[in-house]
Amino acid sequence: MNLEHLLSKEEIQIRDSIREFTKKEIIPRTKELEADYGLVEEVHQKLVDMKVQSDGYPSEYGGGDGSNTAFAIIAEELAKGDAGIALTVGINMGIILKPAMLVKNKAVMDKFIPAFCSGKLTYACISMTDEAGGADSENPCLAGSGITATATLEGDEYVINGSKAWPTHAGIAECYLTVCTTDPNAGDEGVALIYVPKDTPGLTFGEPEKKMLCKTSINGAVYYDNVRVPKEFRVAGPGMDANIYHFFEGGTGWHSSAIALGIAERAFEIVLDYTGTRMGGFKPVRQHSMVAGILADMAIALDMMRASVYNLSYMLDHLDIYGPPWSPQFISKAAATRTFAGDKAVEIVNKGAELLGSMAISEDFPFEKCLRDAKITQLWLGGQQICRYRVIRGYYDLKNWA
Ligand SMILES: Cc1cc2nc3c(=O)[nH]c(=O)nc-3n(C[C@H](O)[C@H](O)[C@H](O)COP(=O)(O)OP(=O)(O)OC[C@H]3O[C@@H](n4cnc5c(N)ncnc54)[C@H](O)[C@@H]3O)c2cc1C
């Protein structure tokens, strides 16, 4: 029972084709993919050929005008195979250009979108987490005062200085949506979101991070040393950039939740299968009532996650009903979905591991990957604590205590 009433015919077709793709191209070779980025790029190019990358962009640029619901479906289905691949696909299919698309910044759209609709694998990057502390640069209660990367307007250009840690696709992206401040004392009025093209002088990168999860996506530091970009590459301007930034941090929780859902669904599937044949106490493990209760809790959590993710996707697709997505109430809703999905995904993989015994951590069995990948859904975008601040700010004005 997969919320079919919320999905269009096209969205159901997308779900079925990406599900098939994941089963065929990703699940049978997750180990090889984690070890060889060349293979990962082959998988991405096949998805680009299926028009997944261009789907998130407007049709006037050759894109597919895809819905946010389709976006979530793709993330969920790919994450059943590999969270890193799901992450890369989401980033490249429009998340990073969404701020420019929301305010219809034509200079940015004309410059960057065509490459993503060209049929060639093209990477984007959100360069947000300051090296000095990601939680500070992503904490909405600090209203921009925790951002350390700076942007100074000189003539017709912004000059950017600072350093970021961990952005996905650092060093391989065509464009870097950079979070900076024009004045940390100006609060949200100082927040500036500026697109930086690759190859801009002064833009350099660190070595790829070595990590235990999302091994199929690349992370690294991004350094800005007097990086100059045309002032038109700023998303909107004082005030509106902050609105969009808070929405971005909260709203992309919808993508994180869909990834959490996919990982948890795969974990449940593996546990259900294994406990159906593994014998204990002279019967299949899942025939014990203690085990059935745990499996039931996993199924309940999955059902609630699914309902919450697709409800939020529907809301994003119907801003005519729900108003601007940067309202504290909208951000709160998105953050609630992400916080819940991340916590439940980790709970599900941990409980599932108990039911698998030693096989949970065997490198020759698919479950250990779920154990590893699930954790990221609590860590990024400021982590679960900052995410909870976003939730509660929908109910009252949680003060800036910096
Ligand atoms: C796989 C992966 C992909 C990523 N992709 C990107 C990306 O594309 N772009 C990007 O910019 N970044 C990215 N990141 C970085 C990620 O978003 C940050 O790591 C995260 O936001 C936390 O920042 P930090 O590690 O500097 O945590 P810190 O700032 O060091 O904070 C550590 C912890 O302290 C606690 N904390 C801090 N301040 C407070 C407070 N005020 N109240 C309560 N608790 C607090 C929180 O628990 C927080 O999680 C990625 C990271 C990973 C691992």
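Observations on the model:
- Value in Å of the Kirkwood radius, where the chain supplies the Cα pairs that are averaged: 21.5 Å
- Taking the empirical scaling 2.2 N^0.38 Å for compact globular proteins as reference, the range 25-144 has a Cα radius of gyration ratio of 1.16.
- Computed about the Cα centre, the dipole magnitude for the chain is approximately 800 debye when only Lys and Arg (+1) and Asp and Glu (-1) carry charge, each at its Cβ.
- For the range 127-230, the set of GluC sites (Glu not before Pro) satisfying both a DSSP loop assignment and a count of at most 14 other C-beta atoms within 10 Å is given as 209.
- Estimated from helical segments only, the mean residue ellipticity of the chain at 222 nm is -15500 deg cm²/dmol, where each DSSP H run of four or more residues counts as -39500 (n - 2.57).
- Under a 5 Å amide H cut-off, with hydrogens placed 1.01 Å from N, residue 205 pairs with 223 among residues at least 5 apart or on other chains.
- Ranked list, fewest to most other Cβ atoms within 10 Å of each Cβ, for 388, 338: 388, 338
- Unit charges at the beta carbon, dipole of the range 124-238: most positive-side option, 212, 175, 238: 212
- Compactness ratio for the range 124-238: Cα radius of gyration over 2.2 N^0.38 Å (N = residue count) comes to 1.01.
- Largest to smallest principal axis extent of the C-alpha atoms in the range 249-302, angstrom: 50, 16, 10
- Entries in 51/211; 24/51; 344/369; 80/351 that, when Cα-Cα distance is taken, lie over 24 Å: 51/211
- Exposure proxy shown here: for 97, 47, 6, the number of other Cβ atoms within 10 Å sets the order, fewest to most, as 6, 47, 97.
- Mean-square fluctuations from a GNM of the chain, with a 10 angstrom spring cutoff on Cα atoms, peak among 139, 92, 350 at 350.
- Placed amide H near residue 219: partners under 5 Å, 5+ positions off or other chain: 169, 209
- Along the axis of the charge dipole computed for the range 4-116 (Cβ charges of +1 for Lys and Arg, -1 for Asp and Glu, origin at the Cα centre), the listed residues 112, 54, 35 are led at the positive end by 112.
- Ranking 395, 122, 147 by how far each Cα lies toward the positive end of the dipole of the chain (charges on Cβ) leaves 395 at the top.
- With coordinates expressed along the principal axes, the C-alpha atoms belonging to the range 244-392 extend over 58, 27, 22 Å, beginning with the largest.
- Computed over Cα pairs, the Kirkwood radius of the range 104-184 leads via Stokes-Einstein (1.567 mPa s, 4 °C) to a diffusion coefficient of 92 µm² per second.
- Neighbour counts of other Cβ atoms within 10 Å put 244, 294, 194 in the fewest-to-most order 294, 244, 194.
- Taking chymotrypsin sites (Phe, Trp or Tyr not before Pro) in DSSP loop states with no more than 16 other Cβ atoms inside 10 Å as exposed sites, the chain has its longest site-free stretch at 1-281.
- Residues whose placed amide H lies under 5 Å from that of residue 181, excluding near-sequence neighbours: 149, 150, 151, 192
- Remark: the range 244-392 carries a charge dipole of roughly 240 debye about the Cα centre, counting +1 on each Lys and Arg Cβ and -1 on each Asp and Glu Cβ.
- Applying the criteria of a DSSP loop state and at most 16 other Cβ atoms within 10 Å to the trypsin sites (Lys or Arg not before Pro) of the range 93-165 yields 104, 120.
- Summed side-chain charge close to residue 142 - residues other than residue 142 whose Cβ falls under 10 Å, Lys, Arg +1, Asp, Glu -1: -3
Any read-out appearing in this document is the output of simple, stated calculations on the displayed coordinates, not a laboratory observation. Source: prediction; values computed, not measured. For neighbour counting, all protein chains shown are included, and Cβ atoms are generated from backbone atoms with ideal geometry for every residue, glycine included.
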